[in-house]
Number of protein chains: 2
Amino acid sequence: MVKKFEAGTFDVIVVGAGHAGVEAGLAAARMGAKTLMLTINLDMVAFMPCNPSVGGPAKGIVVREIDALGGQMGRTIDKTHIQMRMLNTGKGPAVRALRAQADKVLYQQDMKETIENEPNITLLQAMVEELIIEDGECTGVVSKTGAVYRAKTTIITAGTFLRGEVIIGDLKYSSGPNNQQPSIGLADHLRGLGFDIVRFKTGTPPRVNSQTIDYSKTEIQPGDDVPRAFSYETTEFITDQLPCWLTYTNEVTHTIIDENLHRSAMYSGMIKGTGPRYCPSIEDKVVRFNDKPRHQIFLEPEGRNTKEVYVQGLSTSLPEDVQQKLLASIPGLEKAQMMRAGYAIEYDAIVPTQLWPTLETKKIKNLYTAGQINGTSGYEEAAGQGLMAGINAARRAFNQEEVILSRSDAYIGVLIDDLVTKGTNEPYRLLTSRAEYRLLLRHDNADLRLKDIGFNIGLVSNESYDRFNGKKELIDAEINRLKAVMIKPDQKTQDLLADIGSSQLKDGIRGSDLLRRPEITYNHIKELSPADADLPFEVEEQVEIQIKYEGYIEKSLQQVDKLKKMENKKIPEGIDYDAITGIASEARQKLRDVRPLSIAQASRISGVNPADISILLVYIEQGKIAKVSGQ
Amino acid sequence: MVKKFEAGTFDVIVVGAGHAGVEAGLAAARMGAKTLMLTINLDMVAFMPCNPSVGGPAKGIVVREIDALGGQMGRTIDKTHIQMRMLNTGKGPAVRALRAQADKVLYQQDMKETIENEPNITLLQAMVEELIIEDGECTGVVSKTGAVYRAKTTIITAGTFLRGEVIIGDLKYSSGPNNQQPSIGLADHLRGLGFDIVRFKTGTPPRVNSQTIDYSKTEIQPGDDVPRAFSYETTEFITDQLPCWLTYTNEVTHTIIDENLHRSAMYSGMIKGTGPRYCPSIEDKVVRFNDKPRHQIFLEPEGRNTKEVYVQGLSTSLPEDVQQKLLASIPGLEKAQMMRAGYAIEYDAIVPTQLWPTLETKKIKNLYTAGQINGTSGYEEAAGQGLMAGINAARRAFNQEEVILSRSDAYIGVLIDDLVTKGTNEPYRLLTSRAEYRLLLRHDNADLRLKDIGFNIGLVSNESYDRFNGKKELIDAEINRLKAVMIKPDQKTQDLLADIGSSQLKDGIRGSDLLRRPEITYNHIKELSPADADLPFEVEEQVEIQIKYEGYIEKSLQQVDKLKKMENKKIPEGIDYDAITGIASEARQKLRDVRPLSIAQASRISGVNPADISILLVYIEQGKIAKVSGQ
Ligand SMILES: Cc1cc2nc3c(=O)[nH]c(=O)nc-3n(C[C@H](O)[C@H](O)[C@H](O)COP(=O)(O)OP(=O)(O)OC[C@H]3O[C@@H](n4cnc5c(N)ncnc54)[C@H](O)[C@@H]3O)c2cc1C
Ligand SMILES: Cc1cc2nc3c(=O)[nH]c(=O)nc-3n(C[C@H](O)[C@H](O)[C@H](O)COP(=O)(O)OP(=O)(O)OC[C@H]3O[C@@H](n4cnc5c(N)ncnc54)[C@H](O)[C@@H]3O)c2cc1C
């Protein structure tokens, strides 16, 4: 055994510098915590082992939420993307989402330098092998070199490294993502501490050399030509964008897969881990949707200074020879040279119902986990958790109250609540369908939802907060104006309405009422009744959405009110579920495992039925708590 | 075992994309060979695991030689450096050398993209585990995934990855450099093939965060303010340079080392591998030069977009806690935060006397090795070998004659001749003292020495060669002019001579003779007798050096002539040394092992004495070759 030595004392230790780790470390440090970040390979900080992109449905909104709370992901991708697109612009505001193609290396560089520049962070290349546990509390970590680092709180964000095993066809070997060193000591240690561990798996497609693609057989997918940004802080926009390209699989592709399915690790039983249903491998897609004649394949450049192209849609763990054949069957890729083979990776994840909604583990106090280790998949999901774990770990270190986002506050709230309440039996991805208050959790209003929280916990600067409040005032003023102003049926108005096929006015109408007509936009109203001064685009957008969708929003808010009431019904920490008669035994078991903090959370546990909730409510309200555990 | 499959046929396969691999692959491809390059991690192409710098004494001249031959290193560092300095400008031209600080990440990116853009190269992330040997010839490689790649020739450039083991204090674990995956299968395979293998080791210092350095306690080391380039092709120069900084170890540092020496892997016997004498660890330096009160420590930034700083001079495998203390003892680094700990790495290298001067292995035909695997240390040493192995492997693939640089052609010739003739019992570094024809192997004349070769083998473009020939003509013309022109003792001349303290002319004097006066430079001559047209700086420099040092150069060239005669005395390939009576038994053994190609090479083998050489000469000249092996 290597000799141990005291190597420093911190407020917060973050193990890992992937997408969860960087947010956790930056948040803690910016909140004033003396923070240590440890990572296996310093040349791989914020590395993207899979798609070189950030955002997309639900995920894009998470990036905005991270930004509104004072996190980093949005700022970095705004500086380092090669393409930016708003998805679903034709649909309602609830499903609009921003998606960026990243310059993979630049993204890493910017994130690493941001961390290096943060005075409260010590960033060090080191492999953590053990946690220090004293009286059921985590008080630090030990690295492979024997360094003992102590801290008030510790966050583990080990991604897919824990006992990672790469799988390609019938080959399986011990490895982290992209042939990095896996983390075996820490994985064993976590099992040894008694955590419930699952084996999950995720996969990635091959990369090909751009020079060997025949783009004439594909469809170009350019970026938007209006400037877009994830971050509310961004003022400079990248104008020089690179396109992506679209092609399709076909009969031949599918036949190759069918014929080689027996050689697939997925089907041979070699993969024990469960893969993500919503990000399936191509062999999965072909098997599950075997009537679909083709699947989309997007060709996405990995950066400005590389010819590597990510073949989105072709994630696979089929043997390498089959991968070559698959590529060759796809229009445009007939002669494509593969630069990396696709592979699957299997790894240890923690059953997330072992966590409080703060992402602290129930088993060990002051120990937090965030990111892929908690059973999720995706950079944004990791980053969102990292941020919340960083915030809560720092606040705990300072003896401040915990910060929990509710399901009506943010997708991040939905994500964490799902994890800790329902658990997951496959790598969890965020989808818009997971949120019951989709209409509230929009791309456009992330700041309105979260900036106050970010400011109150010290992650949003005064300057940024002032700017935000200015914006809010403008929105309110303009909404109030439109609710008051009467638009008269004069010639100009009637002409404009006729022009766009909207029915003529009989009488005067309030600006807000006119705006509610589906065919009327804020721009029309502006022509008929301009505001005193020109308003910024985000203000106009907000005014339009808030007025147009007022009815729906109101309804959602009423539901949220009900939920809030349920959430305010706290369940005492030491409640003894065995003492409550009448609860079904499955519900009792689940309640004991999850230990929900509120009636609302309890009601979301699968297997806990309304009848059980009623009994629980009565029990709590009668104050008949039999036993309170703890000292 | 994974199922094998045919994955492609090439002219040349290069295993590895470090500094040797990239030159080998690019050279072969640019000579028209269909080339496959395989590397463990595509995000680490041309990675610098140690100092972020290129060039320096002897090594800088190698970079120029690589460039003159049509290699890549010079072009890439010219585009990606953060600082450039000519060393020894005050000394003679033989020891002048250029040294650049690299932007580590940019260097990698540029090299990777150059390879991706080369149409004859297929670059693929893959771990090679086996060679395919048929009838004593290497015909390809097999990757971990079962891919069988066939080629006419194969080059292994596996660096420090072969059974790599990282050592820090009493910790030792299996790993490639910088926590990458080691290459174990291939190492075992090479041993299995019967190659003589040695264990070598090399080390690297800690890196610290620039933000935590107190530069006020250090001395600034700026770059040169005149534009400099390694490559003869470079026309754009980076003007915005970053400084390095100089500080020193002291008594305290040395005491810490003394007190912890028992914990050093170097002295505890844990390290079996032999380290480089000329690049010692700080603990080595303190022990070996224990009367020296201080050692230089250069602080070198690792790039423009990172705060990592390389602590040159502090290479160590002492335990991490000791490293922290060492740093804290050095002025400017009192509060420095370590970002990576220093470490040593032990690895398998091939005994290089098993190679022909083409870098082909004697044991297995069509198999070449280049770089650190051949017992050297250093990026430039690796690159020089890579280039020559690439050239020879491509030429073999096309059935063309081999290309061997002699000791009087290039430092690369010295390097390879030393390796294959003398072997090495420690990681071999180039030093100016290794070259007997130092005055010929200058920074300034690498093109004059090697451009013809580069052009003849197809690595130098017509355009570049034309430019070179133009330069050569200008040099010759100007030298001839100065040898003819008479400078008269007129007023202007006498005034100028008086001004610089040179003695007055009595009679007219030839321009060349005046230039030979130590205090006279070409610029003075130009004032007194200008050329017809303004000459480029490199031409003037060449004229000055060639005239001023004519006598010495002549003498060297005469020695080279003698050497060439000896080199022309070829030793028949199948010579049976046992049949030669009179040779001492040690000499006989060495000759049998090394199988020198010429009498010159034989005479350089240590243990082979002049008496043995005489006997050998007589034996060969009498044509009395007893047995010729082979069919
Ligand atoms: C092959 C593959 C395919 C994927 N496919 C997709 C996909 O299709 N879509 C998608 O959205 N996401 C995908 N992902 C997931 C995505 O990469 C992760 O969700 C995301 O990177 C998780 O972030 P993280 O911070 O949790 O972990 P990571 O980004 O993996 O970072 C983990 C960090 O922990 C460090 N670490 C681990 N162990 C230790 C230790 N013992 N000591 C110190 N440091 C340690 C590592 O060095 C690293 O810095 C894929 C990942 C892989 C590997
Ligand atoms: C810790 C350390 C300290 C050093 N210190 C110094 C120093 O002070 N001064 C100095 O000049 N030099 C130093 N060096 C040496 C310098 O890094 C090397 O000399 C140089 O990088 C060698 O180049 P190379 O191309 O031979 O090998 P590398 O640059 O190591 O490249 C090896 C390549 O081979 C690949 N590879 C290996 N095995 C396989 C396989 N089975 N299949 C496919 N690919 C494979 C790797 O992925 C990599 O691309 C140090 C190196 C290390 C690691």
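What number of residues in the range A:8-22 are within 11 Å of chain B (Cβ to nearest Cβ) and in contact with a helix residue (DSSP H, G or I) (Cβ under 7 Å, 6 or more places away or on another chain)?
Qualifying residue count for the region: 0.
Which of the residues belonging to the range A:246-276 are assigned to a loop (DSSP other than H, G, I, E, B) and surrounded by fewer than 16 Cβ atoms within 10 Å (Cβ to Cβ)? Before you say what the answer is, go through the steps one by one.
Quick first cut of the range A:246-276, residues assigned to a loop (DSSP other than H, G, I, E, B) only: A:249-250, A:264, A:269-273, A:275-276.
The answer is A:Asn250, A:Gly269, A:Lys272.
Among the candidates A:Val63, A:Val95, single out the residue that is under 19 Å from the mean Cα position of the chain (by Cα) and buried (at least 24 other Cβ atoms within 10 Å of the Cβ). First the steps, then the outcome.
Numbers: A:Val95 fails: buried (at least 24 other Cβ atoms within 10 Å of the Cβ).
Step by step, each of A:Val63, A:Val95 is checked, and only A:Val63 is under 19 Å from the mean Cα position of the chain (by Cα) and buried (at least 24 other Cβ atoms within 10 Å of the Cβ).
Just to check your reading of the model, which residue among A:Ser502, A:Ser529, A:Ser556 is within 30 Å of A:Ile620 (Cβ to Cβ) and of a type in the set (Gly, Ala, Ser)? Before the answer, list the steps.
Values: A:Ser502 fails: within 30 Å of A:Ile620 (Cβ to Cβ); A:Ser529 fails: within 30 Å of A:Ile620 (Cβ to Cβ).
From the options A:Ser502, A:Ser529, A:Ser556, the qualifying one is A:Ser556.
Which ones in the range A:566-581 are hydroxyl-bearing (Ser, Thr, Tyr) and either under 15 Å from A:Asp593 (Cα atoms) or within 30 Å of the chain's Cα centre (by Cα) (or both)?
The answer is A:Tyr577, and nothing else.
Hey, among the residues in the range A:600-612 that are buried (at least 19 other Cβ atoms within 10 Å of the Cβ) and of a type in the set (A, V, I, L, M, F, W, C), which one's nearest to A:Lys422 (Cα to Cα)?
A:Ile605
Give the residues of the range A:117-132 that are facing another protein chain (nearest Cβ under 8 Å), assigned to a strand (DSSP E or B) and more than 13 Å from A:Phe10 (Cβ to Cβ), sorted by residue number. Give the derivation first.
Initially, the range A:117-132 is screened for residues facing another protein chain (nearest Cβ under 8 Å), giving A:117, A:119, A:122-127.
Filter once more, keeping what is assigned to a strand (DSSP E or B): A:122-125.
Within the range A:117-132, A:Gln125 is the sole residue that qualifies.
Looking at the range A:220-228, is at least one residue at pLDDT 95 or above, within 14 Å of another protein chain (Cβ to nearest Cβ) and more than 30 Å from A:Ile271 (Cα to Cα)?
Scanning the range A:220-228 turns up no residue that is at pLDDT 95 or above, within 14 Å of another protein chain (Cβ to nearest Cβ) and more than 30 Å from A:Ile271 (Cα to Cα).
B:Tyr343 versus (1) modelled with pLDDT under 95; (2) closer than 30 Å to A:Tyr149 by Cα: which is the lone unmet condition?
(1)
Is it true that A:Ile520 is of a type in the set (A, V, I, L, M, F, W, C), under 24 Å from A:Pro93 (Cβ atoms) and more than 37 Å from the chain's Cα centre (by Cα)?
No: the conditions fail for A:Ile520.
For (1) of a type in the set (S, T, N, Q); (2) in the same structural domain as B:Ile475 (by the TED database), each residue gets a yes or a no:
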| site | (1), (2) |
| --- | --- |
| B:Val543 | no, yes |
| B:Gln546 | yes, yes |
| B:Gln558 | yes, no |
| B:Asp561 | no, no |
| B:Glu573 | no, no |
| B:Asp578 | no, no |
| B:Glu586 | no, no |
| B:Lys590 | no, no |
| B:Arg595 | no, no |
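Within the range B:142-160, which residues are within 14 Å of chain A (Cβ to nearest Cβ) and either assigned to a strand (DSSP E or B) or touching a helix residue (DSSP H, G or I) at 6+ places or on another chain (Cβ under 6 Å) (or both)?
Hits for the range B:142-160 are B:Val142, B:Ser143, B:Thr145, B:Ala147, B:Val148, B:Tyr149.
Condition first: within 8 Å of chain B (Cβ to nearest Cβ) and touching a strand residue (DSSP E or B) at 6+ places or on another chain (Cβ under 6 Å). Can you find one or more residues in the range A:161-174 that meet it?
yes
So, in the range A:460-470, how many residues would count as being part of a loop (DSSP other than H, G, I, E, B) and surrounded by fewer than 22 Cβ atoms within 10 Å (Cβ to Cβ)?
Of the residues in the range A:460-470, the ones part of a loop (DSSP other than H, G, I, E, B) are A:460-461.
Filter once more, keeping what is surrounded by fewer than 22 Cβ atoms within 10 Å (Cβ to Cβ): A:461.
Selection size over the range A:460-470: 1.
Conditions (1) among the basic types (Lys, Arg); (2) within 19 Å of the chain's Cα centre (by Cα); (3) within 16 Å of ligand 2 (Cβ to nearest atom); (4) modelled with pLDDT of 95 or more, marked per residue:
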position	(1), (2), (3), (4)
B:Leu106	no, no, no, yes
B:Met111	no, yes, yes, yes
B:Thr114	no, no, yes, yes
B:Pro119	no, no, no, yes
B:Leu123	no, no, yes, yes
B:Glu129	no, no, yes, yes
B:Gly140	no, no, yes, yes
B:Ala151	no, no, yes, yes
B:Val166	no, no, yes, yes
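Show me the strands (runs of 3 or more DSSP E) entirely contained within the range A:277-374 in which 2 or more residues are closer than 30 Å to A:Cys138 by Cβ and under 23 Å from the mean Cα position of the chain (by Cα). Walk me through how you get there before you give the answer.
Values: elements: A:296-301, A:308-312, A:338-340, A:343-350, A:367-369.
Filter on the range A:277-374 gives A:343-350, A:367-369.
Can you tell which of A:Val62, A:Val54 is touching a helix residue (DSSP H, G or I) at 6+ places or on another chain (Cβ under 7 Å), part of a strand (DSSP E or B) and away from chain B (no Cβ under 13 Å)?
Criteria check complete, one pass: A:Val54.
Identify all residues within the range B:120-142 that are touching a residue at least 24 places away in the same chain (Cβ under 8 Å) and over 18 Å from B:Thr369 (Cβ atoms); write none if there are none.
Those that are touching a residue at least 24 places away in the same chain (Cβ under 8 Å) and over 18 Å from B:Thr369 (Cβ atoms): B:Asn120, B:Ile121, B:Thr122, B:Leu123, B:Leu124, B:Gln125, B:Ala126.
Have a look at B:Leu327, B:Leu355 and point out the one that is closer than 28 Å to B:Val166 by Cβ and within 16 Å of ligand 2 (Cβ to nearest atom).
B:Leu355
Identify all residues within the range A:283-329 that are hydrophobic (A, V, I, L, M, F, W, C), surrounded by fewer than 23 Cβ atoms within 10 Å (Cβ to Cβ), away from chain B (no Cβ under 14 Å) and within 28 Å of B:Glu118 (Cα to Cα); write none if there are none.
Passing the criteria: only A:Phe298.
If a residue has to be within 14 Å of ligand 1 (Cβ to nearest atom) and either at the interface with another protein chain (Cβ under 8 Å from one of its Cβ atoms) or surrounded by 20 or more Cβ atoms within 10 Å (Cβ to Cβ) (or both) to count, how many in the range A:188-209 make the cut?
Selection size over the range A:188-209: 9.
Any idea which residue in the range A:405-430 is farthest from ligand 1 (Cβ to nearest atom), counting only those that are modelled with pLDDT of 95 or more and of a type in the set (Asp, Glu)?
Filtering first and then ranking leaves A:Asp409.
I want to confirm something. Restricting to the range A:26-51 and keeping residues that are within 11 Å of ligand 1 (Cβ to nearest atom) and within 17 Å of the chain's Cα centre (by Cα), which single residue is surrounded by the most Cβ atoms within 10 Å (Cβ to Cβ)?
A:Ala46
Identify all residues within the range B:429-451 that are within 16 Å of ligand 2 (Cβ to nearest atom) and either more than 26 Å from B:Pro352 (Cβ to Cβ) or not in a helix (DSSP H, G or I) (or both); write none if there are none.
Once the filter is applied, which keeps residues that are within 16 Å of ligand 2 (Cβ to nearest atom) and either more than 26 Å from B:Pro352 (Cβ to Cβ) or not in a helix (DSSP H, G or I) (or both), the range B:429-451 yields B:Arg429, B:Leu430, B:Leu431.
The values are calculated or read from the model by the stated rules, or taken from the named source; none is laboratory data. Keep in mind it's a predicted model, so treat the numbers as computed, not measured. Cβ coordinates were reconstructed from backbone atoms using ideal geometry, including for glycine residues, and neighbour counts include every protein chain displayed.
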